[in-house]
Amino acid sequence: MDLELSEEQNLLQKTVREFAESEVRPLAKELDETGHFPHALFKKAAELGLTGVAFPESEGGASFDHIAYTIVIEEISRCCASTGVILSVQNSLYCDPIHRYGTEEQKRKFLLPYTRGEKIGCFALTEPQAGSNAAVLQTKAVRKGDKYIVNGTKSWITNGGAADAAIVYVNTEPAKGEKGITALVVEKGTPGFKVGKEEKKLGINATACCELVFTDCEVPAKNRIGNEGEGYKVALSTLDGGRIGVGAQATGIAQNAFEAALQYSQQRLAFGQPISQFQAIQFMLADMATEIDASRLLIRKAAWKQDTGARFSMDAAVAKLFASEMATRVTHKAIQIHGGNGYSREYPVERNYRDARITEIYEGTSEIQRLVISSWVLKS
Ligand code: CAA
């Protein structure tokens, strides 16, 4: 692994930072307050290739590697964490399994318009009673001729209210438990598919995070991704890549909070001098800088491993666990450095603090990451 970014990756970082500063940051506060999904911004991100970063050009992608992908998600999340995860779900959770498991026909229909950002995708695994234990999902699909009849409810679906299609994990053979899970692409407008209630959340407010409800929904059998019973593996292997995206998101949120705290500490006077002159503040800044650096390295290492083609489940879990818990610590300190102002909506760090918290929960809680890591440690 080369720790130096390539010329191409450096250029991408510069381009995405300029885009994020000029187009994303000015909208972040409003998106947080209104919770409106940023459709126009999504289209602009698509024009830069950010909706299909690490997919080949033949599949509509920008043909970068996964390290470049982490740079994109970090830079966008540094300015707006909602937009960061919207793009992460589009790339990692929707496009990636179709890229890896889809047929040529499926890729033409369900991948190309999505990597190009003409359409929005989402990933529907979680249910009201199946979160960490995804294997017990209750959404059923019964095969009838060339269709599946789908019944069930999915919850907490990022991009759900805005998506043109969802990859929906159903059970086609409940007696087989997780070995009966199958992945189906369900398009918006399919009779029997409707968007349910939108979640009111602590942070990342603009992600159209909704329930998806399926009532005798007829899905063409040709929309199945992979084989019947292969869905659990499709989901878990997809989440490996997703977890790297969430780690990059956490790193971007923390980076922003750090920069804000650093600047504030140099401007804010107390006891006759800038508070950055006090060792208590300096040590907080030192810890923040150290942890962000460590986190970024772990994320890039996991992405590098993904690019080698080797199994990277443990690397992704390690990186996501560290980065997400780091983001909570760093944003907490950023508020502390801002004092009362940090608690005010006038300053960005309270939003960073709220946005950071979800990264310890979605795409596998910290406890699930520790389960994954310990299972690899014990078998090594
Ligand atoms: N890649 C490929 N195959 C994998 C895999 C991976 N990463 N992980 C597991 N598998 C395979 C295993 O090899 C095994 O196959 P065999 O039966 O052929 O041996 C099979 O899948 C089952 O594996 P395990 O027994 O290890 O799986 P498990 O049932 O013990 O998994 C778990 C346990 C780790 C808790 C897993 O269920 C898990 O990760 N749960 C968390 C789910 C999650 O992250 N949900 C997030 C929802 S999505 C979201 O948040 C999106 C959003 O809004 C942003």
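The values are calculated or read from the model by the stated rules, or taken from the named source; none is laboratory data. None of the values given here were measured: they were computed from a predicted structure. Virtual Cβ from ideal backbone geometry, glycine too; neighbours counted across all protein chains shown.
Only residues that are away from the ligand (no atom under 16 Å from the Cβ) and either within 30 Å of S366 (Cβ to Cβ) or assigned to a loop (DSSP other than H, G, I, E, B) (or both) were counted across the stretch 115-156, and they come to 6. Kindly establish whether A334 is over 30 Å from A124 (Cα atoms), buried (at least 24 other Cβ atoms within 10 Å of the Cβ), away from the ligand (no atom under 16 Å from the Cβ) and small (G, A, S). Yes, satisfied.
Condition check ((1) part of a loop (DSSP other than H, G, I, E, B); (2) more than 30 Å from A280 (Cα to Cα); (3) in the same structural domain as A294 (by TED's automatic domain parsing); (4) of a type in the set (V, I, T)) across all residues:
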{"site": "M314", "(1), (2), (3), (4)": "no, yes, yes, no"}
{"site": "E325", "(1), (2), (3), (4)": "no, no, yes, no"}
{"site": "I335", "(1), (2), (3), (4)": "no, no, yes, yes"}
{"site": "E346", "(1), (2), (3), (4)": "yes, no, yes, no"}
{"site": "A356", "(1), (2), (3), (4)": "no, no, yes, no"}
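Within the stretch 271-312, track down each residue that is over 30 Å from H66 (Cα atoms) and part of a helix (DSSP H, G or I). Those that are over 30 Å from H66 (Cα atoms) and part of a helix (DSSP H, G or I): I275, S276, Q277, Q279, A280, I281, Q282, F283, M284. Restricting to the stretch 214-232, name every residue that is outside any strand (DSSP E or B) and more than 16 Å from the ligand (Cβ to nearest atom). Those that are outside any strand (DSSP E or B) and more than 16 Å from the ligand (Cβ to nearest atom): A221, K222, N223.
Six or more apart or on different chains, Cβ under 9 Å: which pairs go from a residue in the stretch 9-23 that's outside the structural domain of I76 (by TED's automatic domain parsing) and in contact (Cβ under 8 Å) with a residue 60 or more places away in the chain to one that's in a helix (DSSP H, G or I) and among the charged types (D, E, K, R)? Could you list them? Taking only residues 6 or more apart or on different chains, not a single pair turns up. How many residues does the stretch 107-117 hold that are free of Cβ contacts under 8 Å to residues at least 24 places away in the same chain and touching a strand residue (DSSP E or B) at 6+ places or on another chain (Cβ under 7 Å)? Result for the stretch 107-117: 0. Pairing residues of the stretch 177-188 that are in the same structural domain as P97 (by TED's automatic domain parsing) and over 14 Å from N133 (Cα atoms) with residues that are among the hydrophobic types (A, V, I, L, M, F, W, C) and surrounded by fewer than 17 Cβ atoms within 10 Å (Cβ to Cβ), at Cβ distances under 8 Å and at least 6 apart in sequence or on separate chains, gives no pairs at all. Residue under question is E33, and the condition is that it be outside any helix (DSSP H, G or I), modelled with pLDDT of 95 or more and either more than 18 Å from D164 (Cα to Cα) or among the hydrophobic types (A, V, I, L, M, F, W, C) (or both); does it hold? Judged against the criteria, E33 is not a match. Would you tally the residues in the stretch 38-67 being part of a helix (DSSP H, G or I) and surrounded by fewer than 23 Cβ atoms within 10 Å (Cβ to Cβ)? Count: 11.
From the list K194, K176, which one is of a type in the set (K, R) and away from the ligand (no atom under 16 Å from the Cβ)? The unique qualifying residue is K194.
This table checks each residue for (1) touching a residue at least 24 places away in the same chain (Cβ under 8 Å); (2) within 30 Å of Y94 (Cβ to Cβ); (3) touching a helix residue (DSSP H, G or I) at 6+ places or on another chain (Cβ under 8 Å); (4) among the polar types (S, T, N, Q).
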residue	(1), (2), (3), (4)
V330	yes, yes, yes, no
K333	yes, no, yes, no
V349	yes, no, yes, no
A356	yes, yes, yes, no
E360	yes, yes, yes, no
S380	no, no, no, yes
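Just one residue in the set L321, L269, L298 is of a type in the set (A, V, I, L, M, F, W, C), without any contact (Cβ under 8 Å) to a residue 40 or more places away in the chain and either touching a Cys at 6+ places or on another chain (Cβ under 6 Å) or not assigned by TED's automatic domain parsing to the domain that holds G189 (or both); that residue is L269. A206 meets the stated requirement of being on the phi < 0 side of the Ramachandran plot and crowded, with 20+ Cβ neighbours inside 10 Å. Pairing each residue of the stretch 118-147 that is closer than 26 Å to C95 by Cβ and without any contact (Cβ under 8 Å) to a residue 40 or more places away in the chain with any residue that is among the aromatic types (F, W, Y) and within 12 Å of the ligand (Cβ to nearest atom), provided the two are 6+ apart or on different chains, yields C-beta distances under 6 Å for T126/W156. Would you confirm whether or not the stretch 233-256 contains a residue that is within 16 Å of the ligand (Cβ to nearest atom), part of a strand (DSSP E or B) and either surrounded by fewer than 20 Cβ atoms within 10 Å (Cβ to Cβ) or not assigned by TED's automatic domain parsing to the domain that holds G145 (or both)? Scanning the stretch 233-256 turns up no residue that is within 16 Å of the ligand (Cβ to nearest atom), part of a strand (DSSP E or B) and either surrounded by fewer than 20 Cβ atoms within 10 Å (Cβ to Cβ) or not assigned by TED's automatic domain parsing to the domain that holds G145 (or both).
Annotation note: of A124, A134, A130, the sole residue that is crowded, with 24+ Cβ neighbours inside 10 Å, within 20 Å of the chain's Cα centre (by Cα) and aliphatic (A, V, I, L, M) is A124.
Consider the stretch 74-106 and keep the residues that are outside any helix (DSSP H, G or I) and touching a residue at least 24 places away in the same chain (Cβ under 8 Å). The one that is surrounded by the fewest Cβ atoms within 10 Å (Cβ to Cβ) is G102.
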